[in-house]
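Asker: The structure's right below; bear with me while I get my questions together.
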Amino acid sequence: MRTPLFIVGSPRSGTSILVDLALAAGYTGYREGMLLSLLTTISNATDRHFDIFASPQSREVLISAVDRAEFKRQIFEVFKSVVEKYNTSGPWFDKTGNPEMIEAVPIIRMLWPDAIFIFAKRRGIENVVSRMRKFPVHNFEYHCRDWARNMAAWRAIRAAVPATQWCEIDQQDMIQSPEAVVDTVVAFTGCSPDQRDRMLLTLRENRPQQTEAGSASQLHDITSLDWNDNYVSTFKRLCGEEMLAYGYTYDRTYRTV
């Protein structure tokens, strides 16, 4: 099997069931990663610090003598050694669902050139509905912005990653076409027929996480939700570009293709 496997995407988009599939196939790993997304934070903070304090013309300031790229590379190597310390057996996977993890993909590919990525996606309407139920501590606008950030980050990243190293899985396809989804994952990861059978059984039995019975398969028309006019306009303003980019509709047809 191809390794390491990185499962990325917005929360409430099917990342957890993809973890179940990876485990059923024989991958090892933690159900949640949440470490490697720090690569983005540290990389951005380092760049800001160098931009402010480093000057090629100054020979009296230490940071000006430091090679920024090499400095960052050595920091990134610490992450690699830590991750590999805790993933010691067989092919392994990592699942981290946030935009910072997606933005870290170029660094991850530098650390693990053979890495592969599965992006879990879900239409914004159903994703935000699910988020509001699962994470009520955050408000409506936060969930809209975060879904859009994840989707936009992936669109920007995938253009720079060879097509052989990534695939996309929509949560609705996991529900409506489990065999096709498993076949896609099997072909992408290099799993065997026996592993395919275990993955298919897992997908049929576990299904994507639901905040309540039947919610994962329920499709909405934006006009029939209990969203007021402000919610609808906020959603379209914050999520409209990504809805269009991914071919999602606002009614129960879900997508255009």
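Asker: I need 41, 3 ordered by Cβ neighbour count within 10 Å, fewest first.
Answerer: Going from sparsest to densest Cβ surroundings: 41, 3.
Asker: Listing 8, 185 from the residue with the fewest other Cβ atoms within 10 Å to the one with the most, what is the order?
Answerer: 185, 8
Asker: Sticking with this structure for a sec: With springs only between Cα atoms under 10 Å apart, run a GNM on the chain and tell me which of 151, 101, 243 wobbles the most.
Answerer: In this elastic network of the chain, the residue with the biggest mean-square fluctuation among 151, 101, 243 is 243.
Asker: If you don't mind, another one. Among 230, 127, 206, which one shows the biggest mean-square fluctuation in a GNM of the chain, springs joining Cα atoms closer than 10 Å?
Answerer: 230
Asker: Looking only at the chain, where both bridge partners belong to it, what percent of the DSSP beta bridges are antiparallel (to the nearest 5)?
Answerer: Looking only at bridges with both residues in the chain, the antiparallel portion is about 5 percent.
Asker: For the stretch 66-180, list log₁₀ I(q)/I(0) at each q in 0.11, 0.13, 0.16, 0.18 Å⁻¹, using the Debye formula over Cα point scatterers of equal strength and ignoring solvent, two decimals each.
Answerer: After summing over all Cα pairs, the log10 values are -0.49, -0.67, -0.94, -1.09.
Asker: Can you tell me, using C-alpha contacts under 8 Å and at least 6 residues apart, the relative contact order of the chain as a whole percent?
Answerer: Taking the mean separation of contacting Cα pairs over the length of the chain, I get 29 percent.
Asker: For the stretch 138-257, how big is the tail of P(r) above 21 Å, as a whole percent of Cα pairs?
Answerer: 52
Asker: Using the number of other C-beta atoms within 10 angstrom as an exposure proxy, rank 94, 194, 226 with the fewest first.
Answerer: Fewest to most other Cβ atoms nearby, the residues stand as 226, 194, 94.
Asker: Oh, and also: Can you tell me which lysines have their Cα less than 19 Å from the Cα of residue 72? Leave out same-chain residues fewer than eight positions away.
Answerer: The reachable lysines, counting only those whose Cα sits under 19 Å from residue 72, are 80.
Asker: What dipole magnitude, in Debye to the nearest 20, does the chain give about its Cα centre under +1 on Lys/Arg Cβ and -1 on Asp/Glu Cβ?
Answerer: 140
Asker: I need the fraction of alpha carbon pairs in the stretch 5-245 separated by more than 25 Å, rounded to a whole percent.
Answerer: Pairs farther apart than 25 Å: 48 percent.
Asker: While we're on this one: Among the lysines, which have Cα under 17 Å from the Cα of residue 85 when same-chain residues fewer than 8 positions away are ignored?
Answerer: Filter leaves 95.
Taken together, the values in this text are just the output of simple stated rules run on the coordinates, not laboratory data. Because the structure is a prediction, the values reported are computed rather than measured. Note: ideal-geometry Cβ built from the backbone for every residue, glycine included; neighbour counts use all protein chains shown.
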